[in-house]
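Heads up: the structure comes next, in C-alpha cells.
The values are calculated or read from the model by the stated rules, or taken from the named source; none is laboratory data. None of the values given here were measured: they were computed from a predicted structure. Positions of Cβ are generated from backbone atoms using ideal geometry, with glycine treated the same way; all protein chains shown enter the neighbour counts. The protein model used for the area step is the full one, side chains on, heavy atoms only, and it has no ligands, DNA or RNA in it. Shrake-Rupley method; radii C 1.70, N 1.55, O 1.52, S 1.80 Å.
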Amino acid sequence: MNEKRAAHIRMVVAMTKAGHQDMVLTKDKSAYFLRGIIDYADNGRHANLDVRWAPSTYQYSKSASVFKHEKSSYQQRSDKSQADTKLHAEHIIPNSLIFKRLLEMVESKTADAEIMKFLDTSCRIVVITKKEMQLLDGAGAGLKSSMPDDWNWGDDPYARLNHVGIELE
C-alpha cells in the first residue's frame, strides 16, 4: 500500500475517534475525505485519471483497458458523443455506502484494525468507459449509488460491475 493511501486510511480511523455524531455533522467533509484513499498512485502522485499515473494505479474493465494509455480518453470526459472511448473512475462500492457502513462500525466500536482493513478493501476504483457507466447507472440496473439487492457487506465488492456484465481486464 502506498504511503499516501495508508495515511488517508489512518486519518479516517482517527476521525472515527470524534464519534458517530460528529462524523454525521461533518458528513460532507468526512465522506469526501474517503476519496483520498483511492486517489494516489504508488509513487505518491495524484492519479485521479491522469494518463501518466492511472494505468499503473487502477484496475480497468476490459473495454476501458483498450484506451488506458490514450491521453484523449482521460480528457473532456463529459463528451457523451464519445461514450465508448471516454473513461470514468467508478468506486467498486459507492462512497455513500462506505460512509454509512463506517458510521455503523463507529457506533458498534469496531476495532481500528478492522476499520483499516474495511477501508483498504472497500475504497477501490475500477476505470470503466462512459458507456459502461451509463449501463451501471441507468434505469435498468439503477446501481449508481447502491449495490445489488442481494448483496451484503463481506460479499464480492465487485458485485455492481458483475451484475451488469462489466468484465475486468
* **Criterion (more than 30 Å from H20 (Cβ to Cβ) and open to solvent by less than 40 Å² (accessible area, probe 1.4 Å)) met by exactly one of A89, A47** => A47
* Structure fact -> Selection from the stretch 111-133 of residues over 15 Å from I38 (Cβ atoms), surrounded by fewer than 16 Cβ atoms within 10 Å (Cβ to Cβ) and not aliphatic (A, V, I, L, M) yields D112, E114, K117
* Out of the residues in the stretch 113-169 that are in contact with a Pro (Cβ under 8 Å, 6 or more places away or on another chain) and assigned to a helix (DSSP H, G or I), which is farthest from D84 (Cα to Cα)? -> T121
* **Cross-chain or 6+ apart pairs with Cβ under 6 Å, the stretch 48-70 first and of a type in the set (D, E, K, R), then open to solvent by less than 50 Å² (accessible area, probe 1.4 Å) and at pLDDT 95 or above** => K68/Y60
* Structure fact -> In the stretch 132-169, anything of a type in the set (F, W, Y) and under 15 Å from K62 (Cα atoms) is listed as Y158
* Boolean, L102 is surrounded by 15 or more Cβ atoms within 10 Å (Cβ to Cβ), modelled with pLDDT of 95 or more and over 18 Å from N162 (Cβ atoms) -> yes
* How many residues does the stretch 11-70 contain that are in a helix (DSSP H, G or I), β-branched (V, I, T) and touching a strand residue (DSSP E or B) at 6+ places or on another chain (Cβ under 8 Å)? -> 1
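Do we have A41 as under 27 Å from K131 (Cβ atoms) and either among the β-branched types (V, I, T) or touching a residue at least 60 places away in the same chain (Cβ under 8 Å) (or both) here?
no
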* Asked: Hey, Y58 hits all of (1) at pLDDT 80 or above; (2) over 16 Å from the mean Cα position of the chain (by Cα); (3) not basic (K, R) but one; which does it fall short on?
  -> (2)
